[in-house]
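Structure first, then comments.
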Amino acid sequence: MSSNEKSTTRYAVTKADINQINRRSIFGFQLGWNYERMQGSGYLFTMLPVMRRIYGDHTPELKRMMQTENQFFNTSNFLNNLVIGIDLAVQEEEGAAAEDTIVGIKTGLMGPFASVGDAIFGSLVPTIFGALAASMAVTGNPLGIILWTIECVVTFALRWWETGFAYKTGSNLISTMHDKLNAITASASVLGIFMVGSLVASNIGVVFTVNPSVAGASINLQNTLNTVLPGLLPAGIVALIYWGLGRKGMTSTKMIFITLVAAVALSALGIIAKG
């Protein structure tokens, strides 16, 4: 490490710096999103004020590190502050000499954090709490809006807490959290499967109303299916929609209209009804 680079590391990061990073990250991280660098501009925007204090204005080190921080970056908005906190700790300790280390940290962590953060906080948690809150709200239960508000507040608080936690833990977070992240991902996947299955069975109320005749005897098709596997029709509908969304040229908007038209047509023909 050169004497010039070492001299730029005298600044000690304060709690006010971390709070400023949190504000910029939560409210501005996605504002500069683009197809070339994705969240790179937002990452630089978040880190820039503290970097100016660490390296000083108009210094070669600041210019070089700005270019480094503006490189391609894309991860979950719910866990990006963990990467930023580690980055901040390394820059405070080693300055511009840690450029390669920072690039490695960002490259190595953005993928795992993207999958974990989006799976848990982007899909699993909103699906569970959103479905519960919506079910309560539909029945006029005020706990619905309260439950959803709590979910939003807790998620916001977690994102605010991450930066300080990662900064204090520093680069050790990479090794200490690796096994825990794998365990969390596996647990979330299993929980997600159970929750999605239960939500499908409880929220898709569709039954067969057609009663075909076999050898002169009328068969209650819905009762027959219930003896084989209750909830088979809702599960089949979800599977069919999931399959359709994977077809080329299919979008979620198109699938919604197809589902609405099919539901109205089958109901008018007396084949299905609301359960």
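For segment 27-38, check the following and say yes or no: at least one residue is of a type in the set (S, T, N, Q) and surrounded by 15 or more Cβ atoms within 10 Å (Cβ to Cβ).
The answer is no, given that none of the residues of segment 27-38 is of a type in the set (S, T, N, Q) and surrounded by 15 or more Cβ atoms within 10 Å (Cβ to Cβ).
Here Thr149 meets the list (1) more than 13 Å from the chain's Cα centre (by Cα); (2) at pLDDT below 90; (3) surrounded by fewer than 17 Cβ atoms within 10 Å (Cβ to Cβ) almost entirely, failing just condition (2). Which residues, counting only those in segment 198-231, are of a type in the set (A, V, I, L, M) and more than 22 Å from Leu132 (Cα to Cα)? Val207, Val210, Val214, Ala215, Ala217, Ile219, Leu221, Leu225, Val228, Leu229 - these are the residues of segment 198-231 that are of a type in the set (A, V, I, L, M) and more than 22 Å from Leu132 (Cα to Cα). With the requirement that a residue be modelled with pLDDT under 85, of a type in the set (S, T, N, Q) and either within 17 Å of Asn211 (Cβ to Cβ) or not assigned by TED's automatic domain parsing to the domain that holds Ser213 (or both), what does segment 224-275 give you? Of everything in segment 224-275, those that are modelled with pLDDT under 85, of a type in the set (S, T, N, Q) and either within 17 Å of Asn211 (Cβ to Cβ) or not assigned by TED's automatic domain parsing to the domain that holds Ser213 (or both) turn out to be Thr224, Asn226, Thr227. Test Leu199 against the stated conditions and say whether it is surrounded by 14 or more Cβ atoms within 10 Å (Cβ to Cβ), within 20 Å of Gly270 (Cβ to Cβ) and either among the acidic types (Asp, Glu) or at pLDDT below 80 (or both). Taking the combined requirement at face value, the residue does not satisfy it.
The values are calculated or read from the model by the stated rules, or taken from the named source; none is laboratory data. Because the structure is a prediction, the values reported are computed rather than measured. So basically every Cβ, Gly included, is an ideal-geometry build from the backbone, and we count neighbours across all protein chains shown.
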